[in-house]
Amino acid sequence: MKTYGQFCPVAKAAEVFCERWTALILRDLGLGVSRFAQLQRGVPQASPALLARRLKQLEAEGIVERRRPEQGRSWTYHLTPAGQDFVPVVAALGEWGQRWSRRDLVSHEMNAGLLLWAMERGALPDAFGDRRTVVKMTFKDRPANKRHYWFVVEKGRTELCIDDPGSPVDLYIATTLRDMIYVWRGDVPLARGLNHGLLEVLGEAWAVRAFPRWLARSKYAKVRSVRRSGSQTHSTTPRASA
């Protein structure tokens, strides 16, 4: 871990927090993610070796601790009290980013895997009541073999499937990856996205009604953007589909 060579507490904290990927690892641990494979989903551009090295560094600094679960052989990772103190720092960083750094997405930022994982992790399964519910998501702008995904909602959890689970679909969502990110991130209000056709939502009436609550957009979605992109802001004006 690189140092700034200063005794200042800001410098000492930055030596831990500002290492690449660390803030994102802390973000996911703070959201309750605990398994290595799950942490990889949050930092897909970091190699497994690099992620393991970062976790060891955080463990050595007393930020993260490993635990052996009662079942299974894989370690789980958890924030220590020192790590928990970073959670509001990460939240403040997210609010700043939502308020001041929002702009038009560029191609390398449009990662379907990250979006789908965020949707799976943040969805509110009780929105559909006790019904087993299948939601099919179609990205109209993606290649045919990467266009369709399914969410199976049952027993209080939402699970993402990359293959057809073989059950009747209760709710169909058709959109583009770009537009879905804008809606999920809060650049475009959900109601406006639906009214302008950025999202097409069809299916059983009870599922359509429950969709807005189930979606549970980004925790920062309601933070208003201050930065302007050209003459408009995404928070007030929807972008046409790509």
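Here are the numbers for this structure:
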{"read-out": "Order of 86, 17 - criterion: other Cβ atoms within 10 Å of each residue's Cβ, fewest first", "value": "17, 86"}
{"read-out": "Rounded FRET efficiency, nearest 0.05, which uses the C-beta distance separating residue 14 from residue 204 and R0 of 51 Å", "value": "0.50"}
{"read-out": "Estimated FRET transfer efficiency when R0 is 25 angstrom, pair residue 61-residue 220 (beta carbons, to 0.05)", "value": "0.40"}
{"read-out": "Farthest positive-ward along the chain dipole, Cα basis, beta-carbon charges - from 201, 16, 47", "value": "16"}
{"read-out": "Directionally averaged shadow of the stretch 107-215, computed from the convex hull of its alpha-carbon atoms, nm²", "value": "6.5 nm²"}
{"read-out": "The chain: calculated mean residue ellipticity at 222 nm from DSSP helix runs of at least 4, using -39500 (n - 2.57)", "value": "-11000 deg cm²/dmol"}
{"read-out": "Spatial extent of the chain: Rg and Dmax, with the Cα atoms as the point set, Å", "value": "19.6, 62"}
{"read-out": "Student exercise, the chain dipole from Lys, Arg, Asp, Glu Cβ charges, in Debye to nearest 20", "value": "440 debye"}
{"read-out": "Unit charges at the beta carbon, dipole of the chain: most positive-side option, 168, 149, 105", "value": "105"}
{"read-out": "Relative contact order of the chain, defined on C-alpha pairs under 8 angstrom at six or more residues apart (%)", "value": "16 percent"}
{"read-out": "Fewest-first ranking of 8, 161, using other Cβ atoms within 10 Å as the exposure measure", "value": "8, 161"}
{"read-out": "Selection of GluC sites (Glu not before Pro), the stretch 35-76, meeting DSSP coil and at most 11 other Cβ within 10 Å", "value": "70"}
{"read-out": "Relative contact order (%) - criterion: Cα under 8 Å, at least six apart; region: the stretch 9-100", "value": "28 percent"}
{"read-out": "Exceeding the 30 Å Cα-Cα cut-off - candidates 155/219; 56/222; 140/219; 56/136", "value": "56/222; 56/136"}
{"read-out": "Filtered GluC sites (Glu not before Pro), the stretch 131-226: DSSP coil and at most 16 other beta carbons within 10 Å", "value": "204"}
{"read-out": "Mean separation of Cα contacts under 8 Å, 6 or more apart, over the residue count of the stretch 76-155: relative contact order %", "value": "21 percent"}
{"read-out": "Alpha-carbon centroids, the stretch 30-67 and the stretch 122-160: separation in whole Å", "value": "26 Å"}
{"read-out": "Among 203, 42, 193, residue whose mean-square fluctuation peaks in a GNM of the chain (springs only between Cα atoms under 10 Å)", "value": "203"}
{"read-out": "Two-site label geometry, residue 148 and residue 80: point separation in nm, points 7 Å out along Cα→Cβ", "value": "4.9 nm"}
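Here, each number is a calculation from the coordinates, and none is a lab measurement. Just so it is clear, the structure is predicted and the values come from calculations on it, not from any experiment. All Cβ positions, even for glycine, are placed from backbone atoms using ideal geometry, and neighbour counts span all protein chains on display.
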